[in-house]
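Peer 1: Structure incoming, see below.
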Amino acid sequence: MFFSHARSALYSLTLGLLTLVGCSTTEVRTTAYTPLTVEDAAIAENRLLDVGIVQFDAGLEQEEELEEDDLVFPELRRAESRYVAVTLADAVQSSQGWGAVRVIPSERTNIDVSVTGKIVQSDGETLTVDVTVTDSRGQVWFSRQYTEQASHYAYDRKHPTEGDAFQGIYNRISNDMLVYRQGLSDQYIAELRTISEIKFAQSFSPTAFERFLVHDDNGLYRLTALPADNDPMLMRVRQIRERDYLFVDTLQGYYDTFVKTMETPYQEWRAMSYEEVKEMRELKRKARNNTIMGVAAIVGGIAAAGAGGGAARQAGNVAVAGGGYLVKSGFDRRAEAKMHIEALQELGDSMEAEVEPRIVELEDRTVTLSGSVENQYQQWRELLKEIYEVETGGMSDI
C-alpha cells in the first residue's frame, strides 16, 4: 500500500514536471519593421531645423555590475556608439523633414535640435536604446526607450534584408521627431533658429550677446531682444559659424568612413552573437529544467525508498539515481553555456582592433588637428575662438 501510494505520488510529480517543462513558447520573428515616414511635401526654408545627433553613450558606467552573460565588450560598445548615431542620422536625413543632419562628437546647446542617446542592450538579437530629443530653447521634445529584436533573416547571407538589422528602431525615432516638429508653429521654429545663433555667438563673446537671451526659472531660454542684421559682431559670428559647419561636415566624412570600415566585421559579430545568444538561452532553459526535474526525482525517490518493502526501495533507488543524472545533466549544460559566453568574449576581443577608431589628420590653414575625432573637434573649437579674437582685434568682450 505504501509502495503504491509513493509510486503514485512520484508518477504524479514527474508528470506535472514534464508538463511544466514541456510548455515553452515559440518565438516568431518577422523581417517586417516600422517604415520610415517621409515628408510628403517640400518644406519652406524657414521651417527647416538643423539636427545634431551626439554619438551615443556606450552605456559602460555600470560595467563592473554587469553579469557575465550580459555580452558587453567595452571597445565594441564604443564603436557601436558611433555606428548607432550615424545610422540614426541617415534615417532622419532620409525623412526629408529637416535642414542639415549631422553627427557630432559631444553635446552642444547651440544646435536647433539635439538628439542624445544611450545603448542599454546590444547583443545581435536585441537592441535597446534610450533617446532624448531637446531643442535649443531647452525644451525636451521627448525621452523614450526603444527596443527591437532582430529577425533570423536579418543575418541570412543568401537572402539579405534591406537596411540595418534594427532599422525599425531608427525609423521609429525619426518618425517621432517628425511628428513633434510638424506640431510646432512657424513662430516657435523661427525663435529656435534665432536662439541657436545667439547661443553660438555667446560661446565666443558672452558679454556682447548676453542681453539678447535670458534663462528663466523653468530652465528654458527666452529671447529678450534681437541684434540688428548688420551688427558687425553678429556678422563675424555668422562667418565663424559657417566655418564651423564646414568642419563638422568634414567630420561626417570621418563617421561615414568609420561605419563603412566597421560594417563587415560588425555584421559578422552581430550574426554570430545572435546565434550564441539564442543557443545560450536554450542551454540555460534545458539546464534549469533538468535540474528541477532531477531534484524532484531525488526527493520522490527518497520518499518511495522509505515507504516500505524491497520493491519500493528498489524503485526509490532507481528514481534517486535517475534524478542525480538529471541534476548532473543540468550542471553540464550550464558549463556548456559558460563555454559559449567565453567564446563570445573572445569574439568581441578580436573585434576591438578591427573597429577601433583610426587616427586622422585634418588641416585648416597651417594647423594640423590630430587624435580622436573628439579631440580634433575640441581643438577646432579652440582654434575658432582664436580666429574670432584675431578678427575682432581681441575686443570681443568689450
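What follows is calculated from the coordinates using simple rules that are stated; it is not laboratory data. Values in this document were obtained by computation on a predicted structure and should not be read as measured data. FYI the Cβ positions are ideal-geometry reconstructions off the backbone, even for glycines, and counts take in every protein chain you see.
Peer 1: For region 136-205, divide the Cα radius of gyration by the Kirkwood radius and give the resulting Rg/Rh value with two decimals.
Peer 2: Looking at region 136-205, the ratio lands at 1.21.
Peer 1: How much length would be gained if the chain were fully extended between F142 and T34, taking 0.36 nm per residue of separation minus their Cα-Cα distance, in nm to one decimal?
Peer 2: 37.0 nm
Peer 1: Would you tally the net charge around S136, using a Cβ to Cβ cut-off of less than 10 Å, leaving S136 out, and scoring K and R as +1, D and E as -1? Mind dumping the intermediate values first?
Peer 2: Working: positive: R108, R137, R193, K199; negative: D50, D112, D135, E191, E197.
Cβ neighbours under 10 Å give a net charge of -1.
Peer 1: Taking the mean number of other Cβ atoms within 10 Å as a proxy for protection, how do you rank 108-118, 184-194 from highest to lowest? Walk me through the numbers before you get to the answer.
Peer 2: On the way: 108-118: 21.2, 184-194: 14.3.
Highest mean packing first, the order is 108-118, 184-194.
Peer 1: Right, something else. Could you rank the peptides 74-86, 380-392 by their average count of other C-beta atoms within 10 Å per residue, with the highest value first? List each step's numbers first, then the result.
Peer 2: Numbers: 74-86: 21.1, 380-392: 15.2.
Per-residue Cβ counts within 10 Å, averaged per peptide and sorted highest first, yield 74-86, 380-392.
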